[in-house]
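The values are calculated or read from the model by the stated rules, or taken from the named source; none is laboratory data. Model, not experiment: these values are computed from the prediction. Counting neighbours? That spans all protein chains shown, and the Cβs are built from the backbone with ideal geometry, glycine included. All accessible areas refer to the heavy atoms of the entire protein, side chains included, with ligands and DNA or RNA removed. Shrake-Rupley method; radii C 1.70, N 1.55, O 1.52, S 1.80 Å.
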Amino acid sequence: MKVSDYIASYLAEQAIDKVFGYIGGAVAHLYDSLDKNNSIEIINTLHEQGAGFAAEGYARATGKIGVAIATSGPGATNLITAIGSCFFDSVPTLFITGQVNTYEYKYDTPVRQIGFQETDIVSIIKPITKYAVMVDNVDTIRYELEKACFITQHGRKGPVLIDIPMNIQRGEINLQEQNSFFDSDEYKALIQEKILFSFDALISMIQTSKRPMLLIGGGSRLSNGTPQKIQRFLEKTSCPVVYSLMGKDVIKDSYPYNLGLIGSYGNRYGNLALANADLIIVLGSRLDTRQTGTDIKTFAREAKIVHVDIDKNELGAKITADLSFCGDIASFMDELLTYDFNLSIEPWLNKLAHYKEAYPSTQGINGTEKIPNSLIAHMSKFCKDDDIICVDVGQHQMWVAQSFSTKENQRVLFSGGMGAMGFALPVAIGATIGTGKRTIVVVGDGGFQMNIQELEVIKRRKLPIKIFIMNNANLGMVRQFQEIYFEKRYIGTQKDYSVPHFENIANAYGLKASTVFALDAVYAKINETLLSDEAEVINICLEETMTTVEPKLIVNKPIEDMYPFLEREELHANMIIKPLEN
Ligand SMILES: Cc1ncc(C[n+]2csc(CCOP(=O)(O)OP(=O)(O)O)c2C)c(N)n1
Ligand SMILES: [Mg+2]
């Protein structure tokens, strides 16, 4: 059997039905084999970064392994941003790169290159993958492929890469003669790690807590059925929740005790709630400073912290936990659901309801409307129950995080740890292709220009993707930063930055497009376009270019004290725990 045919059939056995890629000489054998395989379809993007992000979107939306393929050299290096994104956000993905023939590979010789487009991609991406290997011997292909596909899904998920020289791809193997990874000691050692939770201390903490809070992170999404299990716990207990950016779509926002986004750009009510809790159960969040604030000793000062994460390296890494559980959150929830609780937290729930009412995400503290937030809140009313919302990076991302109100089965995909502009459009392509569902892209004028070429794939495949450009004609997020820290010197964000005529560009790609300015027209266009599934680009020119994200946590402030600052009296009246002196 030809090696490249074997790879295609192995991927098909893993229920992978689509792979994303960009052709080149060094992957031509693989492309040909995938194309011949009846169970798999290749989606050919216009840039390898597009293919990498599309694979990420496919994996996030389906739970299956996302696969992206690129040729050696520039093809491989173009994948790097997506690989990093999958690493930081724990997305199961297999990247396959072609490599020059083994007899043209430099190995340890001191020259820079022997083969054309030869690049040591494995060494380059090692720090941002769970496993990466060049398969330079036909006899190990089965073992390495099985191993890579296992590792990407096992434990804390994340990307793997196999680099396959051309002569290996076209080599012949007898599968029966090859060792299987699943017979190896290496495999047995990996599956032997058994996790035991001891729940006694936890149950009494929950039972005696007057102000409990679940903090939902991206890890709460990563194993099947976890959101439903958390939901059942909430039904049993009415326990309030807050979420990190990556945990946005786990519990619908209409859950009455969902206090929304926390952190640097959290909702004021979310941060007040978290700060005043006396027990925080952290489910699959690494508690980075974007959630806790930079002065971590001020974070939730009077709360006991229970940290649950599948990655033992994350437990207590930034914030010391009173109790830690290393393991899968689904198993943790299974065990937790076997207990009965009788919480008496009425006063706490009333206080939380007050926070929510006093500081709506669509209004500033002086009562003025935050128009971009209102537009996003409006958009969420008209999205369908199973839409997948794909969001880029910038101010618009935070408006969505703060004010998009999720429904039961919706997904919201953000670039979390990598924060990569250009993420949303190709991720939407992968998510739509993987699920058949409609996707909604919310993107800035800057991020849209980073992978704009992928519009061609949307047109070619008639994908149901609605693209909303929140066009403030500048790189708003960084411009806001310059406003505060660089005395409004806007180099790069406004000075020597420009945007093209997006509507004309979309039309040139053969897509329906419109530009809307006046607020009434924007609101009307949002309703109208969300009634259909047809691909469309809506260029929303924000009347105000100097847009801002508020509230915002200023360096070294505790999470409850966000800018614009509340009068001290008002802040103190909100606090159940002791306020800080200054
Ligand atoms: C690939 C990449 N380059 C640079 C940045 C730094 N960065 C973060 S947000 C941002 C501005 C985004 O501008 P735009 O897409 O217009 O969105 P807006 O903030 O205006 O809503 C920049 C430059 C980044 N996150 N990713
Ligand atoms: Mg912008």
About the Cα centre, charge dipole magnitude for the stretch 269-363 (Lys/Arg +1, Asp/Glu -1 at Cβ), debye: 440 debye
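Could you rank the peptides 20-33, 429-442, 479-492 by their average count of other C-beta atoms within 10 Å per residue, with the highest value first?
Values: 20-33: 22.4, 429-442: 24.2, 479-492: 13.9.
The densest-packed peptide leads the list: 429-442, 20-33, 479-492.
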C-alpha center-to-center spacing [the stretch 391-466, the stretch 538-553] in angstrom: 18 Å
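Let's see if you can work this out: charge +1 on each Lys and Arg Cβ, -1 on each Asp and Glu Cβ, no other charges. What is the dipole magnitude of the stretch 149-260 about its Cα centre, in debye to the nearest 20? It would help to have the intermediate numbers written out before the result.
Values: 13 positive and 11 negative charges, 172 e Å.
Roughly 820 debye, rounded to the nearest 20.
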When all protein chains stay in place, what accessible area (Å², nearest 10, 1.4 Å probe) is found for Ser198? 80 Å²
Rank by packing, highest mean first: peptides 116-129, 90-103, with packing defined as the count of other Cβ atoms within 10 Å averaged across residues. 90-103, 116-129
Using amide H atoms built in the peptide plane, which far-off residues or other-chain residues are under 5 Å from Ile69 H to H? Phe20, Gly21, Tyr22, Ile96
Which aspartates and glutamates does Lys106 reach when only Cα atoms under 14 Å apart count, and residues fewer than 8 places away in its own chain are ignored? Glu118, Asp120, Asp136
Quick tally, 1.4 Å probe accessible area for Thr545, Thr292, sorted with the most first, runs Thr545, Thr292
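Over 27 Å between C-alpha atoms is what I'm after, so list which of Lys210/Lys252; Lys370/Lys512; Lys130/Lys384; Lys297/Lys351; Lys462/Lys525 land there.
Working: Lys210/Lys252 24 Å; Lys370/Lys512 29 Å; Lys130/Lys384 36 Å; Lys297/Lys351 24 Å; Lys462/Lys525 21 Å.
The answer is Lys370/Lys512; Lys130/Lys384.
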When the chain is fully extended, how far beyond the present Cα-Cα distance does Glu544 get from Asp17, taking 0.36 nm per residue of separation? 185.3 nm
Value of relative contact order over the stretch 503-559, rounded to a whole percent, pairs C-alpha under 8 Å and six or more apart: 37 percent
Measuring from its Cα centre, the stretch 409-495 shows a charge dipole (+1 at each Lys and Arg Cβ, -1 at each Asp and Glu Cβ) which, in debye to the nearest 20, is 360 debye
Computed ³J(HN,Hα) along the stretch 306-315: with the Karplus parameters 6.51/-1.76/1.60, θ = phi - 60°, integer Hz and x for glycine or proline, the list is 10, 10, 10, 7, 6, 9, 5, 5, 7, 5
Could you list which residues have their amide H under 5 Å from that of Phe325, counting only those 5 or more apart in sequence or on another chain, with H placed in the peptide plane? His307, Val308, Asp309
Tell me the angle of helix 48-62 to the major Cα principal axis of the chain, expressed in degrees between 0 and 90 and rounded to the nearest ten. 60 degrees
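If I stretch the segment between Tyr339 and Tyr10 completely, what's the gain in nm (0.36 nm per residue apart, minus their alpha carbon distance), one decimal?
114.2 nm
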Please say if the stretch 172-251 is rounded, prolate or oblate, where rounded means a/c under 1.5 for a ≥ b ≥ c the square roots of the C-alpha gyration tensor eigenvalues, and otherwise the choice is prolate for a/b larger than b/c and oblate otherwise? prolate
Measure off, as a whole percent, the carbon and sulfur share of the 1.4 Å-probe accessible area of the chain, all protein chains present. 51 percent
Over the stretch 212-322, calculate the relative contact order: mean separation of alpha carbon pairs under 8 Å at least 6 apart, over the residue count, as a percent. 27 percent
Using modelled backbone amide H atoms (1.01 Å from N, in-plane), which distant-in-sequence or interchain residues come within less than 5 Å of Leu413's amide H? Ile389, Cys390, Val391
Of Tyr105, Ala148, Phe116, which is farthest on the positive side of the dipole of the stretch 84-191, counting Cα position, with +1 on Lys and Arg Cβ, -1 on Asp and Glu Cβ, and the Cα centre as origin? Ala148
Do the sum for the chain: with -39,500 (n - 2.57) for every DSSP H run of n ≥ 4, divided by all residues, what is the mean residue ellipticity at 222 nm, to the nearest 500 deg cm²/dmol? -10000 deg cm²/dmol
Loop-only check: which trypsin sites (Lys or Arg not before Pro) in the stretch 69-131 are DSSP coil with at most 12 other Cβ within 10 angstrom? Arg112
Considering the dipole of the stretch 287-358 built from charges on the beta carbon (Lys and Arg +1, Asp and Glu -1) around the Cα centre, which of Ser324, Leu287, His354 is farthest to its positive end? His354
Alpha-carbon spread of the stretch 38-81, three principal axes, descending order, Å: 29, 25, 15
Relative contact order of the chain: what whole-number percent is it, with Cα pairs under 8 angstrom and at least 6 residues apart? 13 percent
Give the accessible area for Leu530 in Å² (nearest 10); use a 1.4 Å probe, count only protein heavy atoms, and leave out ligands, DNA and RNA. 10 Å²
Using the Cα centre of the stretch 492-582 as origin and beta-carbon charges of +1 (Lys, Arg) and -1 (Asp, Glu), tell me which of Leu519, Val549, Val499 is placed farthest towards the positive end of the dipole. Val499
Where N is the number of residues in the chain, Cα Rg divided by 2.2 N^0.38 Å: 1.00
Distance (nanometres) between label positions extended 7 Å along Cα→Cβ at Arg112 and Glu487: 4.3 nm
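If packing is taken as the average number of other Cβ atoms within 10 Å across a peptide's residues, how do 360-368, 276-284 rank, most packed first? Before the final figure, lay out each step's value.
Values: 360-368: 14.0, 276-284: 24.7.
Highest-to-lowest ranking by the protection proxy: 276-284, 360-368.
Keeping all protein chains in place and using 1.4 angstrom, which order do Glu408, Glu335 fall into by accessible surface area, from largest down? Write out the running numbers ahead of the final one.
Details: Glu408 105, Glu335 75 Å².
Solvent-accessible surface, decreasing: Glu408, Glu335.
Just reorder Lys312, Lys36, Lys351, Lys147 by solvent-accessible area, largest first, 1.4 Å probe, all chains present.
Values: Lys312 145, Lys36 115, Lys351 50, Lys147 20 Å².
Highest to lowest solvent-accessible surface, that is Lys312, Lys36, Lys351, Lys147.
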